[in-house]
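The values are calculated or read from the model by the stated rules, or taken from the named source; none is laboratory data. Quantities reported herein were computed from a predicted structural model and do not represent experimental measurements. With ideal geometry, Cβ positions are generated from the backbone for all residues, glycine too; neighbour counts draw on all protein chains shown. Heavy atoms of the whole protein, side chains included, go into the accessibility calculation; ligands, DNA and RNA do not. Shrake-Rupley method; radii C 1.70, N 1.55, O 1.52, S 1.80 Å.
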Amino acid sequence: MELSPTIMMLLVIVFYLISSVQILAEYERGVIFRLGKLLSSTKGPGVVLVFRPIDRIVTISLRTVVLDVPPQDIITRDTVSVKLNAVVSYRVIDPSRAVVEVENYDYATSQLAQTTLRSVLGQAEMDDLMAERDRLNQQLQNILDKQTDPWGIKVSAVEVKHVDLPQDMQRAMARQAEAEREKRAK
C-alpha cells in the first residue's frame, strides 16, 4: 500500500506542529528570537509554539536564586586581614533583559557580588564588620541591586555569613575582653 504525496505532506506537517509545542512551567518564561530578532513579549507559562529553525527559545526561571559567594580575603580599613563569605538572593524580573543585556546573568551576578563584597567591606573597619552587619548587608544589597537592575535582576537580600579572623587577632580580642572583665571585677 502506497501513501499518496498529500497524506505524506500532511503527516510531515502534523509531526512538525507537534514538535513545535513546548510546555513551560509556572515559574518559567520563554524569550523567543525569530530569525535572530527578539520578539516583543516573553511567552509562558503553559503551551508555547516554537517554529524551529525560524524561532529559537531561551527558557528563564523566575524563581529566587540563592548564590553562595565564595570566601573572599579582605583587608579592612584598619589593616586587619579577614576572610569572609556571604549569601546573595536574587531573581529575574525581566527575562528579555536578562537574556539580551548580559551574556550569563548568573555568572555576572556572582562576579559582581564578589567584587562588591571586597570593595564595600574593605572600606569598613574591623569593629564595623562585627557590630554593624545589618547596615553593611543593606548597603551591599543596594549597590548590587542598582548594578543588576539594567539586566532585569532584582537582588532581594545580601547576608554576610561568616567572618574568619586570624588567630592572633582572636587571641588579642580575647585578652582585651579578659582585661575588661578583670577591670570591672575590681
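Tabulated data
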quantity	calculated
Answer from L67, L24 - the residue that is in contact with a Pro (Cβ under 6 Å, 6 or more places away or on another chain), aliphatic (A, V, I, L, M) and surrounded by 14 or more Cβ atoms within 10 Å (Cβ to Cβ)	L24
Any chance V155 is without any contact (Cβ under 8 Å) to a residue 24 or more places away in the chain, under 11 Å from the mean Cα position of the chain (by Cα) and not in a helix (DSSP H, G or I)	no
Hits in the range 66-83 - residues which are in a strand (DSSP E or B), farther than 20 Å from S156 by Cα and touching a helix residue (DSSP H, G or I) at 6+ places or on another chain (Cβ under 9 Å)	Q72, D73, I74, I75, S81, V82
Criterion violated by Q111 - all others in (1) assigned to a helix (DSSP H, G or I); (2) open to solvent by less than 10 Å² (accessible area, probe 1.4 Å); (3) of a type outside the set (A, V, I, L, M) satisfied	(2)
Any hit, the range 159-174, residues being surrounded by fewer than 18 Cβ atoms within 10 Å (Cβ to Cβ) and modelled with pLDDT of 90 or more	yes
Among the candidates R52, R56, R63, residue that is over 30 Å from Q176 (Cβ atoms), touching a strand residue (DSSP E or B) at 6+ places or on another chain (Cβ under 9 Å) and part of a loop (DSSP other than H, G, I, E, B)	R63
Criterion: modelled with pLDDT of 95 or more and touching a Lys or Arg at 6+ places or on another chain (Cβ under 6 Å) - qualifying residue of I153, I74, I93	I93
From the options S96, S41, S119, residue that is in a loop (DSSP other than H, G, I, E, B) and of a type in the set (S, T, Y)	S41
Given (1) surrounded by 11 or more Cβ atoms within 10 Å (Cβ to Cβ); (2) at pLDDT below 95; (3) not in a loop (DSSP other than H, G, I, E, B), index of the condition V31 fails	(2)
Where a residue in the range 59-78 is under 14 Å from A98 (Cβ atoms) and of a type in the set (A, V, I, L, M) and its partner, wherever it lies, is open to solvent by 80 Å² or more (accessible area, probe 1.4 Å) and part of a loop (DSSP other than H, G, I, E, B), with Cβ under 6 Å and at least six apart	L62/Y27
Unmet requirement for D106, which otherwise passes all of (1) open to solvent by less than 40 Å² (accessible area, probe 1.4 Å); (2) touching a strand residue (DSSP E or B) at 6+ places or on another chain (Cβ under 9 Å)	(1)
Odd one out for I153, checked against (1) in contact with a Pro (Cβ under 7 Å, 6 or more places away or on another chain); (2) surrounded by 19 or more Cβ atoms within 10 Å (Cβ to Cβ)	(1)
Positions within the range 103-124 being within 18 Å of G30 (Cβ to Cβ) and either touching an Asp or Glu at 6+ places or on another chain (Cβ under 9 Å) or among the aliphatic types (A, V, I, L, M) (or both), in sequence order	none
